[in-house]
Amino acid sequence: MVQVILVACFLVLVIAGLRSRRTQRTRAAKKILFIAVGLVAVAAVLFPGVTQDVADLVGVGRGTDLVLYLAIVLVSYAALDIYLRFQDLNDQVTRLTRALALLEEGQDDLQRSQDSS
Amino acid sequence: VSGLRDHAVVVVPAHNEEAVIGGVVEGLLPMFCEIVCVDDGSTDATSQRAREAGARVLRHCMNRGQGAALQTGLEWARRRPGMECVVTFDGDGQHRPDDAAAMVDALRDTGVDVVLGSRFLTAAQTVPKGRTLLLKAATTFTRLTSGAPVTDAHNGLRVLSRGAVEKVSLSQDGMAHASEILHLIQKRQLSWSEFPVTIDYTEHSKAKGQSVWNSVNILWDLTWKG
């Protein structure tokens, strides 16, 4: 039971992460996920018994184990998300560097033609 | 000097090549009039040496990789009204200007869109052991993935016609651009041929060459952005 849930969560997050980045919907979904995780975390702290109840429901021995499994899925997703964002940023830096190099050469060129005239 | 060579732009990507870049530019000048050195964020005097030798210099303010440097050179060339072809020529002195000139002539004579240098088409070439194995593996991989039956997938000496330059944009900043170019040639249905060239394996160019480990990086980059 829990294997199915965890693998499904993981796949959904990876596929969602790889597809359609930066659309309004995915950005909103990430915020909702973030808030949901925070609320669940607070709830789990205030009512420790709940994690055990949910663990029993999905067939995990201890509540703490369930929390650990969920944490691994979320951390993996966060790592992937940050990696992809980093790649986007890298591409942007390259484009910026290129634009600057072309701009500078254009100005040098203009300078040279003014000097010679 | 042939007419086409007068309208060729030679793009020379270079990163920390102050020791050899001057010689590379001087070697090209008798045969080509437009040499553009793309200084990829060097921390040494590469830009000055290239400029003194007579090249135009496009300077990346930070190191972005050889693929990024080539793309900068291609974009600059694209804006030149008279440009009819682009030669890509590594900045470490491993290529021969004679080969580049002969390849431009081949492009003119055969009318293909792209002429690719290959070190494995000449009998005289002595490629160091270890490099041969790695290059053959890379070539086999590229043949399979890009569908272009090349004999040398990672040769920095190429000639692209204006049409090809306008259709090819590199998004691979690192060394994976070599595979990406071949992939784009197939995708855009550009015609191509190979041309035998000699690589001068100096201690310098060998030291600047890629290690086996970089093939892992290249494969990774290709999977993410393929």
Query raised in the report: Considering the range B:203-226 alone, what residues qualify as being more than 15 Å from the chain's Cα centre (by Cα), in a loop (DSSP other than H, G, I, E, B) and under 23 Å from B:G41 (Cβ atoms)?
Result: B:S211
**Report entry** Whichever residue in the range B:75-104 is out of contact with any Asp or Glu (no Cβ under 9 Å at 6 or more places or on another chain) and facing chain A (nearest Cβ under 10 Å) and, among such residues, is nearest to B:T198 (Cα to Cα)
**Finding:** B:E75
**Report entry** Matching residues, the range B:142-167, being within 18 Å of B:V12 (Cβ to Cβ) and aliphatic (A, V, I, L, M)
**Finding:** B:L157, B:V159, B:L160, B:V165
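Just checking, does the range B:120-137 include any residue being over 18 Å from B:Q189 (Cβ atoms) and modelled with pLDDT of 85 or more?
Checked against the condition, which is being over 18 Å from B:Q189 (Cβ atoms) and modelled with pLDDT of 85 or more, the range B:120-137 yields at least one hit.
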Requested in this report: Name, by its number, the condition in (1) within 30 Å of B:M62 (Cα to Cα); (2) among the hydroxyl-bearing types (S, T, Y); (3) loosely packed, with under 12 Cβ neighbours inside 10 Å that does not hold for A:S117.
Outcome: (1)
Requested in this report: Spot the failing condition for B:T142; the list is (1) at pLDDT below 90; (2) closer than 16 Å to B:D90 by Cα, and only one is missed.
Outcome: (2)
Query raised in the report: Filtering the range A:1-50 down to residues that are polar (S, T, N, Q) and closer than 20 Å to A:S76 by Cβ, which residue is surrounded by the most Cβ atoms within 10 Å (Cβ to Cβ)?
Result: A:T26
**Report entry** Checking A:D108 against (1) without any contact (Cβ under 8 Å) to a residue 60 or more places away in the chain; (2) charged (D, E, K, R); (3) more than 13 Å from chain B (Cβ to nearest Cβ), the condition it does not meet
**Finding:** (3)
Requested in this report: List every residue pair whose Cβ atoms sit under 8 Å apart, with the two residues 6 or more apart in sequence or on different chains, where the first one lies in the range A:5-16 and is closer than 18 Å to A:R85 by Cα and the second, anywhere, is at pLDDT below 85 and in a helix (DSSP H, G or I).
Outcome: A:A16/A:T26
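For (1) more than 30 Å from A:Q87 (Cβ to Cβ); (2) in contact with an Asp or Glu (Cβ under 7 Å, 6 or more places away or on another chain), each residue gets a yes or a no:
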site: B:R5; (1), (2): yes, no
site: B:M31; (1), (2): yes, no
site: B:D39; (1), (2): no, no
site: B:L58; (1), (2): no, yes
site: B:A69; (1), (2): no, yes
Query raised in the report: Is the range B:82-95 home to any residue that is touching a residue at least 24 places away in the same chain (Cβ under 8 Å), out of contact with any Cys (no Cβ under 8 Å at 6 or more places or on another chain), more than 21 Å from B:K167 (Cα to Cα) and among the hydrophobic types (A, V, I, L, M, F, W, C)?
Result: no
Query raised in the report: Looking at the range A:34-43, is at least one residue of a type in the set (V, I, T), under 30 Å from B:D173 (Cβ atoms) and at pLDDT 90 or above?
Result: no
Requested in this report: Consider only pairs whose beta carbons are under 9 Å apart and that are at least six residues apart or on different chains; among these, list those whose first residue lies in the range A:79-101 and is within 11 Å of chain B (Cβ to nearest Cβ) and whose second residue is modelled with pLDDT under 90.
Outcome: A:L84/A:G17; A:L84/A:L18; A:L84/A:R21; A:L84/B:W224; A:Q87/B:W224; A:Q87/B:K225
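The values are calculated or read from the model by the stated rules, or taken from the named source; none is laboratory data. All values derive from a computational prediction rather than experimental measurement. Note that we place each Cβ from the backbone using ideal geometry, even for glycine, and neighbour counts take in every protein chain shown.
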